[in-house]
Amino acid sequence: MNKFTSVNDIGDLKRAVAEAFEIKKNRFAHTALGKNRTAMLVFFNSSLRTRLSTQKAAMNLGMNVMVLDVNQGAWKLETERGVVMDGDKAEHILEAIPVMGSYCDIIGVRAFAGLKDRQADYEERIINQFIEYSGRPVFSMEAATRHPLQSFADLITIEEHKTKPRPKVVMSWAPHPNALPQAVPNSFAEWMNATDYEFVITHPEGYELDPQFTGHARIEYDQRKALEGADFVYAKNWSAYAGDNYGKVLSRDRSWTIDAEKMSLTDNAFFMHCLPVRRNMIVTDEVIESERSLVIPEAANREISAEVVIKRLLEGLNNE
Ligand code: CP
């Protein structure tokens with residue numbers, strides 16, 4: 001593997017999950033792979049889980065790790081070509097990227113959608129510039145349109161907890177005070193569509209996601225109907241994708257919050273969320289603290305998904 005930005009880069013999902021289970025049994029089995037190799041993790045946006053789990057995964061593989069917070073302590077970066085740089089941005093990303101590449105063997109990038117210009121966001125301009133100009137294998141730590149390390153961890157978590165071969169997985173929009181990107185729901189949809197699970201998406205009208213991600217999923221505007229018989233409930237907020245409403249908050253309707261009464265419609269479903277989560281907006285205290293909540297094991301599996309991905313990138317380097 002020489003990059004990881006979507007489900008298409010991971011290949012056979014059953015094989016990837018099997019590899020994850022193997023790594024989980026012994027996360028230090030491959031320390032020789034990363035010896036004298038350096039991972040650089042570049043953050044344009046804040047993180048708790050991605051920062052720590054990816055760093056831990058790289059260390060499990062014997063790597064050295066450098067972390068750069070672009071907006072804290074580094075020069076502010078201009079990301080567009082042709083701009084007269086007479087403002088507060090001291091360095092252009094087109095110099096910064098190859099410089100970063102010269103100090104490391106692989107690069108992880110977190111760069112969220114700006115939610116102002118849909119075309120720019122959906123062209124994935126920042127991570128694609130890293131792929132083009134760093135000269136290194138690049139992996140996404142959440143880009144503008146996808147969060148594949150999260151989706152891979154979600155898949156591992158579902159595979160660990162499912163009790164039927166083809167569980168019903170429901171991704172539900174839930175309210176949030178702020179405008180959030182579509183990366184997590186896009187990516188989760190893309191990964192669920194690559195399985196043979198029954199996959200349903202529920203959201204208020206106006207929150208339709210890009211069909212390139214939702215694919216053949218059933219879209220159900222009635223949340224209660226969608227939740228009937230669910231085995232896994234994956235809650236997430238996202239801002240509008242469609243047309244002129246791109247990036248806007250259209251609703252903060254708390255009747256969409258996942259509570260115990262909604263969970264009672266399911267087949268004793270597990271509750272999932274990628275975290276961080278706004279309690280009593282997205283999900284009630286009672287549900288997130290219940291024994292059916294998987295939010296902590298799901299976050300713990302971020303270390304495993306990252307380790308599989310970094311291991312494969314290192315194997316790709318060794319095969320060059
Ligand atoms: N789920 C996730 O990516 O968490 P962070 O934003 O804290 O990294």
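The values are calculated or read from the model by the stated rules, or taken from the named source; none is laboratory data. Because the structure is predicted, anything quoted here is derived from the model rather than measured. Cβ sites come from the backbone with ideal geometry, for glycine too, and all protein chains shown count toward neighbours. When the accessible area is computed, the model is the full protein with side chains, heavy atoms only, and any ligands, DNA or RNA have been set aside. Shrake-Rupley method; radii C 1.70, N 1.55, O 1.52, S 1.80 Å.
Can you spot a residue in region 195-213 that is without any contact (Cβ under 8 Å) to a residue 12 or more places away in the chain and polar (S, T, N, Q)? Yes: region 195-213 contains one or more residues that are without any contact (Cβ under 8 Å) to a residue 12 or more places away in the chain and polar (S, T, N, Q). May I ask you to list the residues in region 36-56 that are among the small types (Gly, Ala, Ser), within 12 Å of the ligand (Cβ to nearest atom) and touching a residue at least 40 places away in the same chain (Cβ under 8 Å)? Result: Ser47, Ser53. Does Ser46 fit the bill of being among the polar types (S, T, N, Q) and either crowded, with 18+ Cβ neighbours inside 10 Å or in contact with a helix residue (DSSP H, G or I) (Cβ under 6 Å, 6 or more places away or on another chain) (or both)? No, not satisfied.
Among the helices (runs of 4 or more DSSP H) confined to region 236-320, the ones with at least 2 residues that are within 16 Å of the ligand (Cβ to nearest atom) and open to solvent by less than 20 Å² (accessible area, probe 1.4 Å) are located at 295-318. Pairs meeting the criteria (first residue in region 296-308 and of a type outside the set (Ser, Thr, Tyr), second residue open to solvent by 20 Å² or more (accessible area, probe 1.4 Å), beta carbons under 7 Å, at least 6 apart or on different chains) are Ala299/Arg49; Ala299/Leu275; Arg302/Arg49; Glu303/Lys56; Ile304/Lys24; Glu307/Arg27; Val308/Glu19.
Annotation note: of Leu61, Leu68, Leu77, Leu115, the sole residue that is at pLDDT below 95 and surrounded by 11 or more Cβ atoms within 10 Å (Cβ to Cβ) is Leu77.
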